[in-house]
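Quick notes on the structure that follows.
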Amino acid sequence: MRIKYFATFRELTRENSYQLDDHLPDVASLLEVLSDRYGTAFRDAVFDQGAMSPVMILLVNGRNVRLTGGLATPLAAQDEVSVFPVVAGA
Amino acid sequence: MNGWIGTTLRVDLGSGTIKREPTNMTVAHEYIGARGMGVKIISDEVDPKADALGPDNKLVFAPGPFTGTFAPSGGRYNVITKSPLNGTIAASNSGGVFGPELKFAGYDALIVEGQSATPVYLWIKNDKVEIRDASAVWGMTVADTTEALRADTDHEAKVACIGPPGENLSLISAIMNEMHRAAGRTGVGAVMGSKKLKAIAVVGTGAVRVAEPAAFKAAVMDSCEKIAANPVGGAGLKAYGTNVLVNILNQTGGLPTRNFQEAVFEDADMIGGETLAANQLVRPKGCFSCIISCGRVTKVTNPLYAGIGEGPEYESAWGFGADAGINNLDAILKANFLCNDYGLDTISMGATIACAMELYELGYLTQEDTDGLELVWGNAHAMVELVRKTCVGEGFGKRLAEGSYRLADSVGHPELSMTVKKQEMPAYDPRAIQGIGLNYATSNRGGCHVRGYTIAHEVLGQGPPTDPGAVEGKAGLDVAFQDLTAALDSSGACVFVTFGIGAAELANMLSTLTGFPYSPEEFVKAGARVWNLERLWNLSNGFTTADDTLPKRLLTEPIPSGPAKGQVSRLAEMLPEYYSVRGWDEDGVPTPAKLAELSL
Amino acid sequence: MSKMLMIYPNKCTGCRNCELACSFEKEESFRPGASRIRTLTWEREGFSVPLMCQQCDDAACVTVCPTAAMHYGPEGSNLVELTADLCIGCKLCVIACPFGSVRYDSVTKSISKCDTCAGAPKCVEMCPNGALEFVDDAEQTRAREQAVADKFKTIFEDVR
């Protein structure tokens, strides 16, 4: 599974992307694993009191997880995950 | 008088008459100002069948009641006229400082009529207005014109002007102010050029007054807080500018690539806002009274494309970038700097080059047509050279200056021009994002995203979770965005304040500023009034429901790859409901009941 | 301890909200000529800087004023004040100020100079970019020092 970071998430993680070999069942467990990896600032940016942060956009294969069950969205081994802050309009 | 000034300036360049008239306050109340006021003036005074580049077209420069106050990011003005690109009633929106200066000089609107026989510029200092000879600056770039006219008028003068493309009546030319801000779309620069009006220089020392100062300030501070708390209006736009959208759209699978042949660009990250912030960004920039500062001051040191200026915005970076398969951000910036300094619409310019590249790929254009340039996808050098040629009106640039529709039509393939009503669509693929496609099809000035920016909900996480691939609910979403935006455009506020506030806050600020009461519903209704008046004018000019459509590619060719693979635009499923929500008949004509409701 | 107005030109975006806030505070309307703070902009390069009265300790305007309308504020206030009733509009202060921060407003026919809004400067309140701060003089350069120190921390914090 490949996780790509954009905008402020690049600063938070100091990476552009991360290849995860473990298979995780859903978005909630993925964000837990990533929060352990990157620390408190990342955790605070993705979780808001146990729920998904309202100022983050998370796409699984291009689809916004808010439309597919939020934290409960299932993940498959070949999925591509993109993480953005809510950050702009044009 | 509060908010508004109460005076309108009317200049006839043919006879040389200059008149200061009372602003029609009934119109001001019903249409607010800026876009709305300009649309009403053009609607009343210009025959829809008039030649857009002829003496009977008029050019209206109109700020709004917010313009010149500290209503957050409230300093904009509009240029309203009949478009020479597509014959629609076009309102083009710009920021910077020019609009506020018109208010301080004492005007709600400037109406330019007729045509001059020789190049002229307008010099406005409060109530002193002169038509002056501009032959010394005719042919000059935007920056040089600005500095030359300041030397002849006032060091602090704010200057709106055209460059050589506008002078040469390019259908995609813009009117620039403060060197880097553009009233970009729909060819308004050519109207100014057809009147031989090179520039307007303004100095104003008057005041914009407030009906209820304490209440207005409280309303403003409340709005500022909400915008600052919004992640987009607050920190996001300032940190990355609009160009951060490149990666977001790409990951969603809706970034039009190579003239909308595809919807993902393999090199998107090389031209996005993160890369811009790391490499070429000098600092953020804000327009008058802006609290958001989405502007980018940028610099390229690479000697091939060196320069300093502002931008690019997302749409501009897309047009010169993904749409042309180009991944060289320095080259994209150079193209943007050139367009600003010569006065060209960056969206239409980029999209026209992309169209030329597809025509070249298919053999409908050859190297003989293109002055020897190889218009292959990704050729950054050729792209910049084509922009330069269009700026100075040289060779193949003369054809590009007419926009992609006429270019593609001239070789017998208008279907390869990615336009709606002959205006180039910007950077969101309607096959991946259904709602924006409906907006492109129904926008009153042709392919345009800002008229109804449903992207905010469909992609950017504002509002309730909204599926970009769904058609349900999109008709209502588009109408809501279009009406609020029309009202907002008429107030002088920047559309980006919607990242934070809505009709309630805008109506409150407007009421306490002007002393004229607007409820949120009446505010939005004024927007609907503007929208319907624009529609009526277009219908009078022969537009029909057949023109509310999208290029065949987007309706029938599925996206070949990426997250939105296999999708097409399902416009036909949304359009009837759109007409119905609008209160129009099935041909898209406003019903008598609707017109009565809006006092039209 | 007293306060001073600090400027951070690198943060200025040229939005002129400071001018609007000042004008509104003084006249309840928006007239840039009424503002005691002015933003100067270089358009080609996109650079802006706000300027206002520096409340000099050895003020040229106080020295030249023939009526003492321009005088120093109370001990420890860090202010140069104008008592409008004593002003005869001779404009010597306008000529003397080396910063161009004292102006004659021809609309109100009076001398116009920053008075820090009685300790709650509205330009600072309104600036959306942190380009203006009203800080205790003990803290005056703290923000800059912090910014530099932060960079050293990033480099050195994991080095033994």
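Rounded to the nearest 20 debye, what is the charge dipole size of segment B:241-420 about its Cα centre when +1 sits on each Lys and Arg Cβ and -1 on each Asp and Glu Cβ?
The dipole of segment B:241-420 has a size of about 680 debye.
What do you get for trypsin sites (Lys or Arg not before Pro) in segment C:31-102 restricted to DSSP loop and a cutoff of at most 16 other Cβ within 10 Å of the site's Cβ?
In loop regions of segment C:31-102 (DSSP not H, G, I, E or B), the sparsely surrounded trypsin sites (Lys or Arg not before Pro) are C:Arg44, C:Lys91.
Give me log10 I(q)/I(0) at q = 0.17 Å⁻¹ for segment B:151-255, Debye formula, one equal scatterer per alpha-carbon, no solvent.
Log10 of I(q)/I(0), two decimals: -0.99.
What is the percent of Cα-Cα separations in segment B:273-362 that go past 18 Å?
44
What FRET efficiency comes out for B:Glu368 versus C:Glu75 if R0 is 60 angstrom and r is the Cβ-Cβ distance? Round to the nearest 0.05.
Efficiency computed from Cβ-Cβ geometry: 0.10.
Can you work out the Karplus-derived ³J(HN,Hα) for every residue in segment A:59-73? Use 6.51 cos²θ - 1.76 cosθ + 1.60 with θ = phi - 60°, whole Hz, and x for glycine or proline.
10, 10, 6, x, 9, 5, 5, 4, 8, 10, x, x, 4, 7, 4
Once the other residues with Cβ under 11 Å from the Cβ of B:Lys58 are scored (Lys, Arg +1; Asp, Glu -1), what is the net sum?
In short, -3.
With a point put 7 Å past each Cα toward its Cβ, work out how far A:Glu11 is from B:Met270 in nm, to one decimal.
Placing both labels 7 Å beyond Cα along the Cβ direction yields 2.6 nm.
At 0.692 mPa s and 37 °C, plugging the Kirkwood radius over alpha-carbon pairs of chain A into Stokes-Einstein gives what diffusion coefficient in µm²/s?
The Stokes-Einstein estimate is 253 µm²/s.
List the aspartates and glutamates whose Cα lies under 19 Å from the Cα of C:Lys3, skipping any in the same chain that are fewer than 8 positions away.
Cα-Cα hits under 19 Å: C:Asp57, C:Asp58, C:Glu75, C:Glu81, C:Asp115, C:Glu125, C:Glu133, C:Asp136, C:Asp137, C:Glu139, C:Glu145.
Wrap a convex hull around the Cα atoms of chain B, take a quarter of its surface area, and give that in square nanometres.
Taking a quarter of the hull surface, the average projection is 23.2 nm².
Can you classify segment B:420-551 as rounded, prolate or oblate using the Cα gyration tensor, where a ≥ b ≥ c are the square roots of its eigenvalues, rounded means a/c under 1.5, and otherwise it's prolate if a/b beats b/c and oblate if not?
The shape class here is oblate.
Kindly identify segment B:7-203 as rounded, prolate or oblate by the Cα gyration tensor criterion: order the square roots of the eigenvalues as a ≥ b ≥ c, call it rounded if a/c is under 1.5, otherwise compare a/b with b/c, prolate if a/b is larger, else oblate.
rounded
Ignoring everything except DSSP H segments at least 4 long, calculate the 222 nm mean residue ellipticity for the protein assembly as shown; use -39,500 (n - 2.57) per segment, divide by total residues, nearest 500.
-10000 deg cm²/dmol
How many angstrom lie between the Cα centre of segment B:463-541 and the Cα centre of segment B:41-93?
Centre-to-centre (Cα) distance: 18 Å.
With the calculation restricted to Cα positions, what are the radius of gyration and Dmax of chain C in angstrom?
17.9, 67
Could you work out the local net charge near B:Phe260, counting Lys and Arg as +1, Asp and Glu as -1, over the other residues with Cβ closer than 13 Å to its Cβ?
My count for the surroundings of B:Phe260 gives -3.
Using the Cα centre of segment A:2-85 as the reference point, and only Cβ charges (+1 on K/R, -1 on D/E), how large is the resulting charge dipole? Debye, rounded to the nearest 20.
Roughly 260 debye for segment A:2-85.
Can you put A:Asp44, B:Asp345, A:Asp79 in order of Cβ neighbours within 10 angstrom, beginning with the fewest?
Listing A:Asp44, B:Asp345, A:Asp79 from fewest to most nearby Cβ atoms yields A:Asp44, A:Asp79, B:Asp345.
Give the distance, in whole Å, between the Cα centre of segment B:545-600 and the Cα centre of segment B:247-308.
Spelled out, the Cα-based centre of one part sits 30 Å from the other.
Which entries in B:Lys474/B:Lys594; B:Lys58/B:Lys398; B:Lys125/C:Lys91; B:Lys196/B:Lys238 show an alpha-carbon gap greater than 27 Å?
Beyond 27 Å: B:Lys196/B:Lys238.
State to the nearest 20 debye the size of the charge dipole of chain C about its Cα centre, where the only charges are +1 on K and R beta carbons and -1 on D and E beta carbons.
Its charge dipole is roughly 500 debye.
With viscosity set to 1.306 mPa s at 10 °C, what whole-number translational diffusion coefficient in µm²/s follows for segment B:241-420 from Stokes-Einstein and a Kirkwood radius over Cα pairs?
98
How many percent of all Cα-Cα pairs in the protein assembly as shown sit more than 34 Å apart?
For the protein assembly as shown, the share of Cα pairs beyond 34 Å comes to 51 percent.
Net charge within 14 Å of B:Ala228 by Cβ-Cβ distance, Lys/Arg positive one each and Asp/Glu negative one each, not counting B:Ala228 itself?
-2
Of the options B:Asn336, B:Met357, B:Ala324, report the single residue whose Cα projects farthest towards the positive end of the charge dipole of segment B:301-372 (beta-carbon charges: Lys, Arg +1; Asp, Glu -1).
Result: B:Asn336.
Once the dipole of segment C:3-135 is set up with Lys and Arg at +1 and Asp and Glu at -1 on Cβ about the Cα centre, which of C:His71, C:Leu86, C:Ile111 lies farthest towards its positive end?
Positive-end residue among those listed: C:Ile111.
Please identify the helices of chain B, taking whole runs of DSSP H, that span at least 27 Å along their own axis as judged from the Cα atoms and have a mean Kyte-Doolittle score of -1.0 or higher.
Membrane-span-like by this criterion, though nothing is claimed about a membrane: B:520-540.
Read-outs throughout are calculated quantities, based only on the coordinates presented, and are distinct from any laboratory measurement. Since we're looking at a predicted model, the values are computed, not measured. Don't worry about glycine lacking a Cβ; one is built from the backbone with ideal geometry, like all the others, and counts go over all protein chains shown.
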